[in-house]
Amino acid sequence: MAGKPSLFRIGILALQGNVTEHIDAFTHACRIQDIPHEILPLRKKEEITGLTAIAIPGGESTTIARLIDKNGMRDAMVHFSGSYFATCAGLVLLASEIIGEERYTPLGILDISVSRNAFGRQKDSFESDINVQGLDTPFHAVFIRAPVVIRTGSHIQVLAAIDSMAVALQAGKHMAFAFHPELSGDLRLHSLFLSTLS
Ligand code: GLN
């Protein structure tokens, strides 16, 4: 069995969105677990080589997708052999299908169909304590113009749901969230992800 890498190198996609919060969250989560780490902003395809994981932050998925293509990063991201940790717009970008979106193609890493901003205007942003598989007590989840997962493929494990809609999921080594775990001051989901890396 392969052991844990001696050094976790985590690239935070830093094209647009809340990058600093993820850098801070992963830095603290690694320190708590005493994991040797390098948390790096990721802006070029050359920087992907040698990463253990890539985090895709929330933001505006249309803009992030455009910048991924502009920077020539799409192929390297699609073929990345490490793990993804994706939040909100990041979850949209990893999907195989975005309902009603014709301006750009998502990366197709996760076999899910999503609807952007589907919680609707009155629930543009909301917070909710949700049960997440793998955590002992509820997680305070911050939703900001969150996407809804309409369909999950057979290899997708739903970790949390609201009204039967998946809001946290795992697919093998990847984890994706419709909410923003980096904004809660609770590092348990970052830690859970770190514990799956090898
Ligand atoms: N709904 C936004 C999008 O699709 C994501 C919002 C967010 O990341 N907070 O880009």
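Since every read-out is calculated from the coordinates, none of them should be taken as a lab result. Owing to the predicted nature of the structure, the values given are computational and were not obtained by experimental measurement. With ideal geometry, Cβ positions are generated from the backbone for all residues, glycine too; neighbour counts draw on all protein chains shown.
A compact table of results
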read-out: In sequence order, calculated HN-Hα J values of segment 130-139 (Karplus, 6.51, -1.76, 1.60; Hz; x Gly/Pro); value: 10, 7, 10, 4, x, 10, 6, 10, x, 10
read-out: Centre separation in Å (Cα based) which lies between segment 84-158 and segment 1-71; value: 19 Å
read-out: Note, ³J(HN,Hα) from phi for segment 162-168, Karplus 6.51, -1.76, 1.60, rounded to Hz, x at Gly and Pro; value: 10, 6, 6, 9, 5, 10, 8
read-out: Kirkwood-Stokes translational diffusion coefficient of segment 9-63, alpha-carbon pairs, 10 °C, 1.306 mPa s, µm²/s; value: 138 µm²/s
read-out: Computed over segment 1-101, the ratio Rg/Rh where both radii use C-alpha atoms and Rh is Kirkwood; value: 0.98
read-out: Segment 111-198 - Rg (one decimal) and Dmax (whole number), Cα, Å; value: 12.6, 41
read-out: Computed log₁₀ I(q)/I(0) - Debye formula, equal Cα scatterers, no solvent, the chain, q 0.08, 0.11, 0.12, 0.16 Å⁻¹; value: -0.23, -0.44, -0.53, -0.99
read-out: Stokes-Einstein D in µm²/s, Kirkwood radius over Cα pairs - segment 140-184 at 37 °C with 0.692 mPa s viscosity; value: 301 µm²/s
read-out: Lys pairs under 22 Å by Cα in the chain, provided they are eight or more residues apart or on distinct chains; value: 4
read-out: Radius of gyration, Dmax [segment 48-120; alpha carbons; angstrom]; value: 11.8, 39
read-out: Amide H contacts under 5 Å for H37, placed H, 5+ residues apart; value: F8
read-out: Choice from I156, I99, I144 showing the highest fluctuation, given a GNM over the chain with Cα pairs closer than 10 Å; value: I99
read-out: Cα centre as origin, Lys/Arg/Asp/Glu Cβ charges: the chain dipole, Debye; value: 380 debye
read-out: CD proxy at 222 nm, helix term only [per DSSP H run n ≥ 4: -39500 (n - 2.57); per residue of the chain; nearest 500]; value: -6000 deg cm²/dmol
read-out: Under-5 Å amide H pairs with A161, H placed in peptide plane, nonlocal only; value: V167
